[in-house]
Each structure stands twice: as C-alpha cells, then as structure tokens.
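The values are calculated or read from the model by the stated rules, or taken from the named source; none is laboratory data. Remember, it's a predicted structure, so these values are computed and weren't measured experimentally. Cβ: placed from backbone, ideal geometry, glycine included. Neighbour counts: every protein chain shown.
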Amino acid sequence: MPLRWIIVLCFLVRAAVPVAAGPTVIHGSEPGYGGKLIHVFIQGNPFLPITQYSDTVRCAEDGSFHISIDLKEGTFVYLETGVYEGSIYAEPEFIYRIELPPYRKKTYADLVSPFFTPIRFHVEVSSRTAGDGSGSISGPEELNHRLFRFDTLIDSVNQEVIMNRRRELAGNLDSVIRAMEAS
C-alpha cells in the first residue's frame, strides 16, 4: 500500500475516533535553562498566525520545567525559548518528557532585526506515557520521531526537486515517490 494512502488512512481513523479531553503534561530538565522563560503556544490555524493558546513558563533554578495544557484533541504545541522554536505533536491525557537544546539567548540585535527568524529544532521526546501511568513509548516508535523522520524525508526530496528545476533538468518524480514509499 503506498505511503500516502497509509497516511491518509491514519488521519481518517484518527478523525473518526473521539478523543477524551484532558490535561497534557510536557516536562523536562536542561541545566542551562535555570530561571529562563519558555513561551508555549498553539496556533489555531496553520496558515494564519492566530494563536489559540499562549502561556509562558519560568524554569526552576535547576532548569526543570513543567507545562500543563488542557487539550481536546491532538495538536502541535510550539515551544519558543531564546533563539529556538520547536514543536511537538501532543495528545490529550499524555505525559511527554522532552529534551531541549542548550540555551542560547536572543541578543539585542536579534530582538531589533526585522530579518530574525527563530532557529527551528526538533523537540526530542524521550518518553510519552499515558496519563494513568500505563504504557510508555520512547525512541523511534514514538509518533513525534516518525513525524520528524517523515518531515526530513519530504524536505530532502523537495530540495532535490527544486534544484533539478533550477538546473532545468528533467526530474523523474515517479522514482522519487517510489523511493519515499520504500522508506
């Protein structure tokens, strides 16, 4: 079965199954974040910068942080701290333990520059546990790892197609699609 049909089928099944609303917890610890702020937000629409949820969490002196969000359905939660911005796909009633990159402060030049864009990073999920404590998933089987792997694959293929078009080379998109489906 082609990869795209599997993905479409997963989204259709996911949409048909009702998800109970409940608190989602995101926590972790990184020593360099002691006393620093993490801005947490959820966009209401992926195409327009309309924020559905926004909060700021101050890390403890040891760099640990704890974020609790009431979610009604699975969604992307964005974390912004220093020069970094990352996202995690979070579902209701799950507890996520995440790893953040070493803290890097925004400079004054970054703050006033109209060209500054945050450095995007993959939020490393070290474990995902159900809210009742049952079933812990980590490593390559965790959904965020799979999403990151798929995004990386799509991005590399997209860059290849763009370069071929710039060089005016005939691209064989069928072979590209087959290679992606085989991955």
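Could you list all residues from segment 18-53 that are closer than 18 Å to Y89 by Cβ and among the polar types (S, T, N, Q)?
T24, Q43, N45, T51, Q52
Can you tell me which residue among F115, F150 is at negative phi, of a type in the set (F, W, Y) and surrounded by 12 or more Cβ atoms within 10 Å (Cβ to Cβ)?
Details: F115 fails: surrounded by 12 or more Cβ atoms within 10 Å (Cβ to Cβ).
Answer to the selection: F150.
Kindly indicate the residue of segment 27-37 that is out of contact with any Lys or Arg (no Cβ under 8 Å at 6 or more places or on another chain), under 11 Å from F65 (Cβ atoms) and touching a residue at least 60 places away in the same chain (Cβ under 8 Å) and also surrounded by the most Cβ atoms within 10 Å (Cβ to Cβ) among those meeting that condition.
Just the residues of segment 27-37 that are out of contact with any Lys or Arg (no Cβ under 8 Å at 6 or more places or on another chain), to begin with: 29-34.
If we keep only those that are under 11 Å from F65 (Cβ atoms) too, we end up with 29-30, 33-34.
Checking which are touching a residue at least 60 places away in the same chain (Cβ under 8 Å) leaves us with 30, 33.
Values: E30: 19, Y33: 23.
The qualifying residue surrounded by the most Cβ atoms within 10 Å (Cβ to Cβ) is Y33.
What pairs come out if I take residues in segment 119-132 that are within 14 Å of Y89 (Cα to Cα) and free of Cβ contacts under 8 Å to residues at least 24 places away in the same chain and pair them with residues that are surrounded by fewer than 14 Cβ atoms within 10 Å (Cβ to Cβ) and acidic (D, E) whose C-beta lies under 7 Å away, six or more apart or interchain?
none
Here's the yes/no breakdown for (1) among the aromatic types (F, W, Y); (2) at pLDDT below 90:
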position	(1), (2)
E30	no, no
K36	no, no
N45	no, yes
T51	no, yes
V57	no, no
F65	yes, no
T81	no, no
I88	no, no
E91	no, no
